[in-house]
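Undergrad: This is the structure I have questions about; it appears just below.
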Amino acid sequence: QVQLVESGGGLVQAGGSLRLSCAASGRPFSSYGMGWFRQAPGKEREFVAAIDMMGGYRYYEDSVKGRFTISRDNAKNTLFLQMNSLKPEDTAVYYCAATRNNMASRIADFTSWGQGTQVTVSS
C-alpha cells in the first residue's frame, strides 16, 4: 500500500485561500487514482475531489466546483488541493486517499488514507 501524509491545513478567514499537500511513499504514486475527502464535526466523511492516475481528469463535489482545484505531481509523489474563496462551511478535517481505480469518488473505493489535516474557516 501507499502511505499518505497531509499538510497545509490551518486557520483562515472566510474568502481566503489554503493549499493542502499530500506526500505519498511506498508503491508508485502514478499507479493510484487520488482523492480528497473531508469530515466536519458531527458529520460523515464526504467526497471533495478526485483526480485520475495521470492527472488528466478531475471530478468535484458540487459545493466546491469553481473554488477548489485538485492536482498532482507524479514526479514528486505529491497530491494538492488548492482551496480558494473559503467559506465557514468548508471547516473540516481534510483527508487524502488513494485508490487502485483510475478514478473514484466513493469512500469504499479508496484503500489508503492519510491522518488528516484540520482546516478552519472563520467568519
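Undergrad: Separation of the stretch 98-115 and the stretch 70-95 by C-alpha centroid, Å?
TA: Computed from Cα coordinates, the inter-centre distance equals 15 Å.
Undergrad: Loop-only trypsin sites (Lys or Arg not before Pro) in the stretch 59-123, please: DSSP not H, G, I, E or B, and at most 15 other Cβ atoms within 10 Å. Present the calculation step by step, with values, prior to reporting the outcome.
TA: Numbers: sites: Lys65, Arg67, Arg72, Lys76, Arg100, Arg106; in loops: Lys65, Arg67, Arg100, Arg106.
Answer by residue number: Lys65, Arg67, Arg106.
Undergrad: So, for the stretch 1-55, what is the accessible surface per residue at a probe of 1.4 Å, expressed in square angstrom? Write down the numbers at each step before the final one.
TA: Numbers: 2660 Å² over 55 residues.
With the other protein chains kept in place, the stretch 1-55 gives 48 Å² per residue.
Undergrad: Between Ala75 and Arg106, what is the FRET efficiency for a Förster distance of 25 Å, r being their Cβ-Cβ separation, to the nearest 0.05? Let's see the in-between values first.
TA: Values: r = 28 Å, r/R0 = 1.13.
It comes to 0.30.
Undergrad: Sequence gap at least 6, Cα distance under 8 Å: using those rules, report the relative contact order of the chain to the nearest whole percent.
TA: Numbers: 317 pairs, mean separation 44.8, N = 123.
Normalised by residue count, the contact order of the chain is 36 percent.
Undergrad: Which order do the peptides 84-91, 32-39, 9-16 come out in when sorted by mean C-beta neighbours inside 10 angstrom, highest first? Could you put the intermediate results ahead of the total?
TA: Working: 84-91: 15.6, 32-39: 24.2, 9-16: 13.5.
Output ranking for 84-91, 32-39, 9-16: 32-39, 84-91, 9-16.
Undergrad: How much of the accessible area of the stretch 1-111, in percent, comes from carbon and sulfur atoms when a 1.4 Å probe is used?
TA: Values: 2670 of 5580 Å².
Its accessible area is 48 percent carbon and sulfur atoms.
Undergrad: Taking a ≥ b ≥ c as the square roots of the eigenvalues of the Cα gyration tensor of the stretch 1-85, is the shape rounded (a/c under 1.5), prolate (a/b larger than b/c) or oblate?
TA: Values: a/c = 1.65, a/b = 1.56, b/c = 1.06.
Prolate, because a/c is 1.5 or more and a/b exceeds b/c.
Undergrad: Count neighbours as other Cβ atoms within 10 Å of each site's Cβ, and list the GluC sites (Glu not before Pro) in the stretch 27-63 that are DSSP loop with at most 12 such neighbours.
TA: Numbers: sites: Glu44, Glu46, Glu61; in loops: Glu44, Glu61.
Listed in order of number, the matching sites are Glu44.
Undergrad: Please list, ordered by chain and number, the residues whose modelled amide H lies under 5 Å from the amide H of Leu86; skip anything fewer than 5 residues away on the same chain.
TA: For Leu86, the qualifying residues are Gly15, Gly16.
Undergrad: Let me ask another. So which chymotrypsin sites (Phe, Trp or Tyr not before Pro) in the stretch 79-123 are both in a DSSP loop and have at most 14 other Cβ atoms within 10 Å of their Cβ? Can you show the working numbers first?
TA: Working: sites: Phe80, Tyr94, Tyr95, Phe110, Trp113; in loops: Phe110.
Sites meeting the loop and neighbour criteria: none at all.
Undergrad: Continuing with the same structure: Using a Gaussian network for the chain with springs between C-alpha atoms less than 10 Å apart, which of these wobbles most: Ser30, Ser63, Ser17?
TA: Ser63
The values are calculated or read from the model by the stated rules, or taken from the named source; none is laboratory data. The model shown is predicted, which means the values in this text are computed figures rather than measured ones. Note that each Cβ is placed from the backbone with ideal geometry, even for glycine, and that neighbours are counted across all protein chains shown. Areas reflect the complete protein model, heavy atoms only, side chains present, ligands, DNA and RNA absent. Shrake-Rupley method; radii C 1.70, N 1.55, O 1.52, S 1.80 Å.
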